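Trainee: I have a structure I would like to understand better, so I am pasting it below and will then ask my questions one at a time.
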Amino acid sequence: MMQNPATPIKAIAFDAYATLFDVFCMDTLAEEYFPDQGKQLTALWRQKQIEYTRIRTLSGQFKTFWEVTRDALIFAARKLELPMSDMQRQHLMNQYACLRPFPENRETLETLVRMDIPLAILSNGTAPMLDIAVKYNDMKGLFTHILSADAVHKFKTSPEVYQLAVDAFGLPAEQILFVSSNAWDACAATWFGFHTFWVNRTDQPAEELDIVPQGSGRKLSDLLPYLQGLSA
């Protein structure tokens with residue numbers, strides 16, 4: 001199926017973590033190490049990871065996403081008083097580098113490629129992290145661009161990060177669809193000027209930010225009928 005030339009969307013950029021790659025699968029390994037506390041550990045780890053990206057961006061104190069992710073894990077274990085060994089920490093970090101995609105994602109991405117829509121990843125993740133994840137899941141041929149916040153030494157929601165997709169595709173922001181499972185990310189991308197789609201996997205309420213993404217669904221595959229509606 002070819003892209004309808006009337007569609008306002010000429011390219012799509014995807015957030016990586018929790019959108020393409022399942023960060024929630026970390027619960028299993030964490031539970032093996034810390035029974036009945038693994039899920040709590042991974043939830044706090046994720047919370048502090050995002051918090052640290054914001055603090056460092058606002059303060060002009062950049063560290064790579066890999067370093068931020070490690071620091072957040074160390075804090076989360078210490079906060080929960082978990083006796084995490086160096087080996088356990090490294091195993092958790094290694095698994096984070098090799099996350100699997102959500103079940104419907106590959107088929108959805110392949111459908112979009114057949115529609116002749118250029119695809120990109122636009123992520124806080126480092127270039128090596130994204131390269132490993134894409135190669136590990138045999139997705140390299142699906143993306144025209146893999147864009148890392150490393151290039152601007154800031155994290156989302158900085159406009160400079162979103163600008164990477166505009167520059168890579170050579171398109172105005174309104175012709176690029178940005179897809180994220182993080183509501184705050186989708187809202188900030190809407191402010192930036194992207195057309196946006198929120199993958200609301202866990203049925204979360206909308207953010208109180210005086211703006212909402214133009215589209216939403218429960219799974220990445222819900223993006224397909226949404227695009228068809230735009231081009232109808």
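Trainee: Rounding to the nearest 20 debye, state how big the charge dipole of region 135-232 is about its Cα centre with +1 on each Lys and Arg Cβ and -1 on each Asp and Glu Cβ.
Mentor: On the way: 7 positive and 11 negative charges, 76 e Å.
Magnitude of the dipole: close to 360 debye.
Trainee: Compute from the Cα atoms of region 95-169 the Rg and the Dmax, the latter being the longest Cα-Cα distance, and quote both in angstrom.
Mentor: Taking only Cα atoms of region 95-169, I get Rg and Dmax of 12.7, 34 Å.
Trainee: Under the Karplus relation 6.51 cos²θ - 1.76 cosθ + 1.60, θ = phi - 60°, what is the ordered set of whole-Hz ³J(HN,Hα) values for region 136-146, x standing for Gly and Pro?
Mentor: 4, 9, 6, 10, 4, x, 8, 10, 6, 9, 10
Trainee: In straight Cα distance, which lysines are under 19 Å from residue 63, not counting same-chain residues fewer than 8 positions off?
Mentor: Cα-Cα hits under 19 Å: 48, 154, 156.
Trainee: Compute the projected area of the convex hull of the Cα atoms of region 99-232, averaged over all viewing directions, and report it in nm² to one decimal place. Working shown, then result.
Mentor: Numbers: hull surface 32.3 nm².
Seen from a random direction, the Cα hull of region 99-232 projects 8.1 nm² on average.
Trainee: Further question: Note down the relative contact order for the chain as a percent, whole number, built from C-alpha pairs under 8 angstrom at least six residues apart. Write out the running numbers ahead of the final one.
Mentor: Values: 359 pairs, mean separation 58.4, N = 232.
This gives 25 percent for the chain.
Trainee: Note the angle between two axes, namely the Cα long axis of helix 65-79 and the longest principal axis of the Cα atoms of the chain, as a number of degrees from 0 to 90, rounded to the nearest 10.
Mentor: 40
Laboratory data are not the source of any read-out in this text; all were calculated from the coordinates shown. These numbers were taken from a predicted model, which means no experiment stands behind them. Neighbour counts run over all protein chains shown; Cβ positions are idealised from the backbone, glycine included.
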